[in-house]
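Engineer: Please read through the structure below; I'll follow up with questions.
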Amino acid sequence: MKDLIKQYLDHGLSRRQLVSGLSALGMSTVAAKAVAQNLSPVAQGAAPPTAAAAAPTAIREVEGNGGRLFVEQLKSAGVEYIFFNPSTGDHPIFDALVDVAEIKLIKGIQEGAVVAMADGYARASGRTGVVVVANIGLPNAMTQMVNTWKDQIPMLVAVASIDQNALGRDQWQETDHHELMTEPITKWFWQVQSTAAMAETTRRALKFAATPPCGPVFLSLPTNTLEEHAKTQVWERSKFDVPMRIRPDKDDVEKAARMLIEAQNPLISIGDEITWSGGQKELIELAELLGAPVAGEMGNLGYWSKPFPTRHPLFIGTVLRTMRYPGKPDVLLNLGNRWGEFAALGTKLISIRLDPASLARGAPVDLGMVADLRLAIADLNAAVRSMATASTLKQIADQRAAKVRAYSAQMAEARLAIARGLSDSSPVSMERLGIELEANLDRDACYVADVDSGKTMDPLMAFGGDDKQYFGTGPNVLGWGMAAGFGVKLARPDAPVVSVVGDGSFLFSGPQPLWSMARYRAPVTVIVLNNHSYNNERNRIWNSAGRQFETARDMTCYNGDPDVDFAKAASAFGVEGETVKEPSGLKDAFARAKSATVEGRPYLLDIHIKREGLGAVSEWHPPYSVADLRTRKV
């Protein structure tokens with residue numbers, strides 16, 4: 001009986017077929033009709049009572065095969081791009097797109113690159129990235145879905161899977177229950193049960209992906225559901241959108257405001273949920289109103305954005321459990337930072353988050369609120385202003401801010417002095433590159449980073465506010481940066497886009513994103529920081545003082561021999577490029593890259609970067625030759 005009811009709810013059976021099936025199981029006709037009647041409101045989820053009053057175009061009937069129903073639902077939801085790598089089974093989707101001008105196809109030539117392109121687009125546009133890839137290529141796609149999942153980016157990933165009638169037969173490219181492999185890194189995963197359910201399931205997936213806290217969803221589209229015909233409804237996004245613009249409780253806001261006003265040494269910890277909620281201006285207002293130091297996202301590990309201007313005098317860098325400055329805070333206000341709740345013992349912790357699952361997950365919270373960050377910070381600003389006179393607040397803020405400004409100025413001067421001392425080293429130092437990037441990038445540039453540069457380059461550049469916008473990944477799964485840079489450019493075509501990747505990241509992704517940049521004439525500047533090594537991994541490994549450290553033998557991290565010429569690799573894909581080995585060549589190289597992108601062409605710079613840290617000077621790696629294994633040489 002359960003299977004019959006499930007098929008009915010998934011629109012695999014008509015009402016008459018349900019009644020017949022229940023009768024065949026021994027249920028009376030009257031009882032069977034009663035069951036069908038009770039289930040009708042659920043099964044008719046595509047036609048709520050408000051549908052009759054809806055605008056004519058908001059809900060419309062469409063007839064066609066499953067591919068057309070999938071495309072028409074995406075179109076009605078306002079989807080503008082489908083990022084894809086084709087397979088045979090999904091041809092009904094692309095057949096339908098022949099006559100749909102509203103949706104553009106963006107092709108990638110490897111599934112991981114396709115997902116990273118959609119991910120970058122989603123971060124920069126705030127819209128759901130839609131991906132269609134080959135069923136057997138799903139594991140490739142999942143390598144980049146980890147970034148999407150951990151950073152809570154909205155995405156729909158779909159594959160055309162095997163015909164439902166052939167399930168379980170171990171056919172060509174078939175894996176049993178392949179959708180289950182996506183469970184740990186998706187908000188929701190599902191297989192469309194029938195052609196009639198195609199549009200409904202698609203909009204449900206879009207809703208889950210875009211409802212904060214956002215995340216990727218996975219849909220399996222069996223080939224028979226794509227090929228068979230049905231008539232069903234498609235809805236505009238307004239009919240299933242769930243904005244989640246939730247305000248916090250008034251009493252909790254007032255309690256938090258009082259704690260912050262009365263604090264002796266407050267600290268504000270910030271995270272990506274502020275960026276997603278669009279609360280950057282409200283955050284600056286709050287920090288200046290309280291005169292409180294702000295910390296959180298400079299380390300680019302665990303964060304993908306920089307919602308507070310990094311050159312603001314109240315910004316002090318990375319939030320840590322124990323901080324040299326401002327020392328131990330008595331009140332820590334955590335705003336949208338999943339890594340910002342680790343308060344020192346004795347510190348009062350206020351945490352406001354979009355994500356209730358992450359709030360208070362690993363640390364005790366004295367006052368927790370689930371709310372939209374922009375609205376919550378605005379309410380907090382209003383509450384603070386209502387509890388003290390303007391002159392009193394100014395006195396408190398001035399006293400606090402004076403100390404913070406002095407510290408941030410001192411640290412900025414020290415960082416710049418160190419960077420200038422390294423500026424003439426050869427190969428190019430990360431610090432010199434940071435100085436050059438800051439001097440040469442436009443203020444409205446989008447900076448897409450897939451490199452561990454939080455302690456070297458990033459502090460020398462200005463991000464956030466009216467300056468460059470930063471895009472990275474929290475979990476730092478390599479191979480994201482070049483493809484994501486393409487997605488960011490697609491979302492913001494008028495802004496200069498610079499994608500900065502390590503040589504390791506380039507090798508992880510391969511040159512495949514360059515193919516898409518060339519085909520679609522995406523003027524992105526790609527900068528490869530080439531130190532022929534997994535430099536950071538080697539430093540972390542050797543810091544353990546194990547046998548590699550004792551013997552000065554790098555068993556794992558040297559990437560030279562062969563030395564990859566990334567500029568030549570780019571030229572094979574139709575992308576211009578050049579190699580820069582000396583700091584004196586940086587300025588002119590940046591000028592040539594900018595000229596190319598202004599003219600509408602991508603450009604790659606292969607910049608040789610100095611290896612640093614333990615064992616950096618060594619090029620030793622385990623000697624091994626497969627050719628020498630041969631016993632017969634022809």
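Engineer: List pairs: first in the stretch 263-280 and on the phi > 0 side of the Ramachandran plot, second of a type in the set (Lys, Arg) and surrounded by fewer than 24 Cβ atoms within 10 Å (Cβ to Cβ), Cβ under 9 Å, 6+ apart or cross-chain?
Structural biologist: 278/374
Per-residue answers, yes or no, for (1) crowded, with 23+ Cβ neighbours inside 10 Å; (2) farther than 23 Å from residue 80 by Cα; (3) over 26 Å from the mean Cα position of the chain (by Cα); (4) of a type in the set (Phe, Trp, Tyr):
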position: 152; (1), (2), (3), (4): no, no, no, no
position: 158; (1), (2), (3), (4): yes, no, no, no
position: 163; (1), (2), (3), (4): no, yes, yes, no
position: 187; (1), (2), (3), (4): no, no, no, no
position: 225; (1), (2), (3), (4): yes, yes, yes, no
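Engineer: Give me the residue from the stretch 530-555 that is in a loop (DSSP other than H, G, I, E, B) and under 29 Å from the mean Cα position of the chain (by Cα) and, out of that set, nearest to residue 505 (Cα to Cα). Steps first, answer last, please.
Structural biologist: Going through the stretch 530-555, the residues in a loop (DSSP other than H, G, I, E, B) turn out to be 531-532, 534, 543-546, 552-555.
Filter again for under 29 Å from the mean Cα position of the chain (by Cα), leaving 531-532, 534.
Values: 531: 12, 532: 12, 534: 9 Å.
Ranking the qualifying residues of the stretch 530-555, first place goes to 534.
Engineer: Do you know which residues across the stretch 573-615 are assigned to a loop (DSSP other than H, G, I, E, B) and either touching a strand residue (DSSP E or B) at 6+ places or on another chain (Cβ under 8 Å) or aromatic (Phe, Trp, Tyr) (or both)? Break it down stepwise before answering.
Structural biologist: Quick first cut of the stretch 573-615, residues assigned to a loop (DSSP other than H, G, I, E, B) only: 573-575, 581-582, 599-602, 610-615.
Matches in the stretch 573-615: 573, 575, 581, 582, 601, 602, 610, 611.
Engineer: Among the residues in the stretch 45-65, are any surrounded by fewer than 21 Cβ atoms within 10 Å (Cβ to Cβ), part of a loop (DSSP other than H, G, I, E, B) and modelled with pLDDT of 95 or more?
Structural biologist: So far as the stretch 45-65 goes, no, none of its residues is surrounded by fewer than 21 Cβ atoms within 10 Å (Cβ to Cβ), part of a loop (DSSP other than H, G, I, E, B) and modelled with pLDDT of 95 or more.
Engineer: In addition: In this structure, is residue 60 touching a residue at least 40 places away in the same chain (Cβ under 8 Å) and of a type in the set (D, E, K, R)? Break it down into steps so the answer makes sense when it comes.
Structural biologist: Values: touching a residue at least 40 places away in the same chain (Cβ under 8 Å): yes; of a type in the set (D, E, K, R): yes.
So residue 60 fits the description; yes.
Engineer: Failed condition for residue 121, given (1) part of a strand (DSSP E or B); (2) closer than 21 Å to residue 512 by Cα, with all others met?
Structural biologist: Answer for residue 121: the failing condition is (1).
Engineer: Take residue 303 and tell me if it is closer than 21 Å to residue 123 by Cβ and either among the hydroxyl-bearing types (Ser, Thr, Tyr) or not assigned by TED's automatic domain parsing to the domain that holds residue 209 (or both).
Structural biologist: Values: closer than 21 Å to residue 123 by Cβ: yes; either among the hydroxyl-bearing types (Ser, Thr, Tyr) or not assigned by TED's automatic domain parsing to the domain that holds residue 209 (or both): yes.
Answer is yes for this residue.
Engineer: Which of (1) surrounded by 18 or more Cβ atoms within 10 Å (Cβ to Cβ); (2) among the hydrophobic types (A, V, I, L, M, F, W, C); (3) not assigned by TED's automatic domain parsing to the domain that holds residue 525 is the odd one out, the single condition residue 363 does not satisfy?
Structural biologist: With respect to (1) surrounded by 18 or more Cβ atoms within 10 Å (Cβ to Cβ); (2) among the hydrophobic types (A, V, I, L, M, F, W, C); (3) not assigned by TED's automatic domain parsing to the domain that holds residue 525, residue 363 is out only on (1).
Engineer: Moving on to the next point. Out of 629, 604, I need the residue that is within 13 Å of residue 527 (Cβ to Cβ) and of a type outside the set (D, E, K, R). Which one? Spell out how you get there, then give the answer.
Structural biologist: Working: 629 fails: within 13 Å of residue 527 (Cβ to Cβ).
Of the residues listed, the single one that is within 13 Å of residue 527 (Cβ to Cβ) and of a type outside the set (D, E, K, R) is 604.
Engineer: Just to be sure I understand, how many residues within the stretch 368-409 are polar (S, T, N, Q) and in contact with an Asp or Glu (Cβ under 9 Å, 6 or more places away or on another chain)? Quick ask: steps written out before the conclusion?
Structural biologist: Step one: list which residues in the stretch 368-409 are polar (S, T, N, Q), which gives 381, 386, 389, 391-392, 395, 399, 408.
From the residues that got through so far, the ones that are in contact with an Asp or Glu (Cβ under 9 Å, 6 or more places away or on another chain) too are 381, 386.
The qualifying residues number 2.
Engineer: Test residue 96 against the stated conditions and say whether it is under 16 Å from residue 216 (Cα atoms) and either crowded, with 24+ Cβ neighbours inside 10 Å or modelled with pLDDT of 95 or more (or both). Break it down into steps so the answer makes sense when it comes.
Structural biologist: Values: under 16 Å from residue 216 (Cα atoms): no; either crowded, with 24+ Cβ neighbours inside 10 Å or modelled with pLDDT of 95 or more (or both): yes.
In short, no.
Engineer: Does residue 429 qualify as being crowded, with 20+ Cβ neighbours inside 10 Å, touching a residue at least 24 places away in the same chain (Cβ under 8 Å), of a type in the set (S, T, N, Q) and not assigned by TED's automatic domain parsing to the domain that holds residue 482? Let's see the steps before the verdict.
Structural biologist: Working: crowded, with 20+ Cβ neighbours inside 10 Å: yes; touching a residue at least 24 places away in the same chain (Cβ under 8 Å): yes; of a type in the set (S, T, N, Q): yes; not assigned by TED's automatic domain parsing to the domain that holds residue 482: no.
No.
The values are calculated or read from the model by the stated rules, or taken from the named source; none is laboratory data. Keep in mind it's a predicted model, so treat the numbers as computed, not measured. Neighbour counts are summed over all protein chains in view; Cβ atoms, including those assigned to glycine, are modelled from backbone coordinates with ideal geometry.
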